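One structure below.
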Amino acid sequence: MKIMKIEGDRKLTGTIRVSGAKNASVAIIPAAILTDEEVTICNVPEITDTDALCDILSDLNVETSRASGSLIINPKNMENVEIKEDHSKKLRASYYFMGALLGKYKKCSMFFPGGCSIGARPIDLHLKGFEALGAVVSKNKNKYTVEAKELKGANIYLDIASVGATINIMLAAVRAKGKTIIDNAAKEPEIVNVATFLNNMGAKITGAGTSRIKIEGVDYLHKCFHEVIPDRIEAGSYRRMGALCGERLKVDKLIPEHLDSLLSKLEEIGIDLEIGQDYVIVSKNDHIKPTTIKTATYPGFPTDLQQPFTVLLTQADGKSKVVETIWENRFMHISYLNKLGSDITVKNQTATIEGKTALKGTEVVATDLRAGAAMVAAGLVAKGETTITNVEHILRGYENIIEKLTDVGAKIALIEV
Ligand code: UD1
């Protein structure tokens, strides 16, 4: 078992380089099997979630290798065999193999995906989308089989603008006959990046990034070279750490426009920001104003940044509110923040934070990936030593987090116990 130890109350200064986006990579890796040729994807983060997807590729007899920051995937000898349950259970995004296998072979059989326990996380919209394209879905205990004689383009309206359903339907529809339209599609930058990847392989997708995506099915997809966009959630997490304890902390190699909602909120509460073309420099402010944030689909305030932002609001002068609208169970970090000394109550999907409270290091748990990022942020600002357990959640999504934070002055270590 690994734990993280942080000696808090230190200044962070210097440069943190943002890695490639986890949420784009975890869709692009499964999407790569839609061709039979070799694809090269650069800027794929080396995190346990991408490793887990490479294990699945190995189950399917797809070769992968890493070279100078790129992941090379070669599906030339691929076989459509059942993915091991242990492998699909490791992460949520294993479900992207459903859309990709359905698109390529018109059949897939897969165990229910795993992932963070932040809500019920149904996949009904994914399955409804596959059915609209002509597939028949059957479920036996925790295993799904999805198959179609032929996939035919369809008009699909998503009841919720789901990121996963939008991408999964795109993956199947690129190899369907005729035209598919996805209405009320999710608009996240990761969706645009996945659509660009598919188009680089010869797909015909337009409208990604808007609520109407149009896909003209093609018979064949070919090799390509693709670059993953910077991880806006990782970038946002480090910016918050900068706002808590930074002294001109530069968060570099990002796309500022991907996080307008966060930048506006940081400015609103009084954080001093210098925004460049591909960087943001952020410094701590001892007099943060309280505020209200409400999570929403893109371009609204991202739910994935809600938990780390709560830590920042414990240092605001007065009462703040955080309203979570996407996931039912995304306040598990609160009891640990309170253990560190904050004063937060949760009622009806709303956290009320009484600031400003001094945080003092203690033992806490990373209950999920972004809760883990919140615990790291809290440990950095708390006086004394914070010990975080269940850190495998953090390692799923933050590449080289120990090295990145150590380089800018944090005292943080990953210890095998
Ligand atoms: C993705 C992100 C996750 C982020 C979330 C919302 C990845 C790998 N993960 O998750 O980090 O928090 O978007 O921005 O990209 N829903 C249904 N039925 C479905 C699908 C979704 O009811 O079939 C509901 C969910 O329960 C949730 C909402 O729709 O309440 C949004 O979920 P969705 O956008 O699908 O999230 P994910 O793609 O799982």
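The values are calculated or read from the model by the stated rules, or taken from the named source; none is laboratory data. Quick caveat, the model's predicted, so the values are computed rather than measured. All Cβ positions, even for glycine, are placed from backbone atoms using ideal geometry, and neighbour counts span all protein chains on display. What goes into the accessible areas is simple: the full protein's heavy atoms, side chains included, and nothing from ligands, DNA or RNA. Shrake-Rupley method; radii C 1.70, N 1.55, O 1.52, S 1.80 Å.
Accessible area of the range 1-136 with a 1.4 Å probe: how many percent of it is carbon plus sulfur? Taking all protein chains in place, the range 1-136 shows 46 percent carbon and sulfur surface. The alpha carbon centroids of the range 331-396 and the range 249-300 are separated by 20 Å. Modelled spin-label separation between Thr350 and Glu131, with each label point placed 7 Å from Cα along the Cα-to-Cβ direction: 3.7 nm. Modelled spin-label separation between Glu385 and Tyr105, with each label point placed 7 Å from Cα along the Cα-to-Cβ direction: 5.1 nm.
Two decimals is fine: what's Rg over Rh for the chain, C-alpha atoms, Kirkwood radius as Rh? Please list the in-between numbers first.
Working: Rg = 21.3 Å, Rh = 21.8 Å.
So for the chain, dividing Rg by the Kirkwood Rh gives 0.98.
I need the calculated FRET efficiency for the pair Thr210 and Thr13, taking r as the beta carbon distance and R₀ as 30 Å, to the nearest 0.05.
Numbers: r = 40 Å, r/R0 = 1.33.
Result of the calculation: an efficiency of 0.15.
For the range 268-417, treating each Cα as an identical point scatterer without solvent, what Debye log10 I(q)/I(0) comes out at q = 0.09, 0.12, 0.16 1/Å? For the range 268-417, the Cα-only Debye profile gives -0.27, -0.50, -0.93.
Expressed in nm to one decimal, what extension gain is obtained for the pair Phe112 and Ser65 from 0.36 nm per residue of sequence separation less their Cα-Cα distance? Present the calculation step by step, with values, prior to reporting the outcome.
Working: separation 47, 0.36 × 47 = 16.92 nm, distance 2.70 nm.
Fully extending the segment from Phe112 to Ser65 adds 14.2 nm.
Counting only DSSP beta bridges whose two residues both lie in the chain, roughly 70 percent are antiparallel.
Rounded to 0.05, the FRET efficiency of the Arg248 and Lys149 pair, given R0 = 51 Å and the Cβ-Cβ distance, is 0.25. Each Lys or Arg adds one and each Asp or Glu takes one away; over the other residues whose Cβ falls under 15 Å from the Cβ of Arg175, this sums to +2. Backbone phi angles across the range 64-78, fed through the Karplus curve with coefficients 6.51, -1.76 and 1.60 (θ = phi - 60°), yield HN-Hα couplings of 10, 8, 10, 8, 5, x, 10, 10, 10, 10, 10, x, 3, 9, 5 Hz in residue order; Gly and Pro are listed as x.
Hey, any idea what Rg/Rh is for the range 137-282, computing Rh the Kirkwood way over Cα pairs? Walk me through the numbers on the way to the answer.
Values: Rg = 19.4 Å, Rh = 17.6 Å.
Ratio of gyration radius to Kirkwood radius: 1.10.
Comparing His87, His258, His287 in a Gaussian network model of the chain where C-alpha atoms under 10 Å apart are linked, the largest mean-square fluctuation is found at His287.
Over the range 27-169, Cα pairs under 8 Å with separation of 6+ residues give a relative contact order of 21 percent. Rg over Rh for the range 1-111 works out to 1.08, using Cα positions for both radii and the Kirkwood form for Rh.
The lysines whose alpha-carbon is closer than 17 Å to the alpha-carbon of Lys152, local same-chain residues fewer than 8 away aside, are Lys104, Lys106, Lys107, Lys128, Lys177, Lys179, Lys204, Lys214. Anyone know which of Ala172, Ala132, Ala373 comes out most mobile in the 10 Å Cα GNM of the chain? For the chain, modelled as a Gaussian network with Cα springs under 10 Å, the answer is Ala132.
Taking the helices alone, the chain has a mean residue ellipticity at 222 nm of -9000 deg cm²/dmol, built from -39,500 (n - 2.57) per DSSP H run of at least 4 residues and averaged over all its residues. For the range 242-324, with all protein chains in place and a probe radius of 1.4 Å, 47% of the accessible heavy-atom surface sits on carbon or sulfur.
Could you sort Lys319, Lys76 by accessible area so the largest value comes first, with the probe set to 1.4 Å?
Numbers: Lys319 120, Lys76 140 Å².
Highest to lowest solvent-accessible surface, that is Lys76, Lys319.
Across the chain, Cα pairs under 8 Å and at least six residues apart give a relative contact order of 21 percent. Would you please state the base-10 log of I(q)/I(0) at q = 0.14, 0.18 1/Å for the range 1-59, with intensities from the Debye formula using one equal scatterer on every alpha carbon? Taken in order of the listed q values, log10 I(q)/I(0) reads -0.58, -0.77. A Cβ-based charge dipole, computed about the Cα centre of the range 205-360 with Lys and Arg at +1 and Asp and Glu at -1, lands at about 480 debye.
Here the 3J(HN,Hα) profile of the range 182-188, calculated from phi with Karplus coefficients 6.51, -1.76 and 1.60 at θ = phi - 60°, is 9, 9, 6, 5, 6, 10, 4 Hz, Gly and Pro shown as x. In a reduced charge model with +1 at each Lys and Arg Cβ and -1 at each Asp and Glu Cβ, the chain shows a dipole moment near 720 debye about its Cα centre. Volume per residue of the convex hull around the Cα atoms, evaluated for the range 263-307, comes out as 93 Å³. In summary, the aspartates and glutamates within cross-link reach of Lys90, defined as a Cα separation below 12 angstrom excluding same-chain residues under 8 places away, comprise Asp49, Asp51, Asp55, Glu392. Rounded to the nearest 20 debye, the dipole magnitude of the range 1-69 is 660 debye, with +1 charges on Lys and Arg beta carbons, -1 on Asp and Glu beta carbons, and the Cα centre as origin. For the chain, the solvent-accessible area works out to 39 Å² per residue, with a probe of 1.4 Å and every protein chain left in place.
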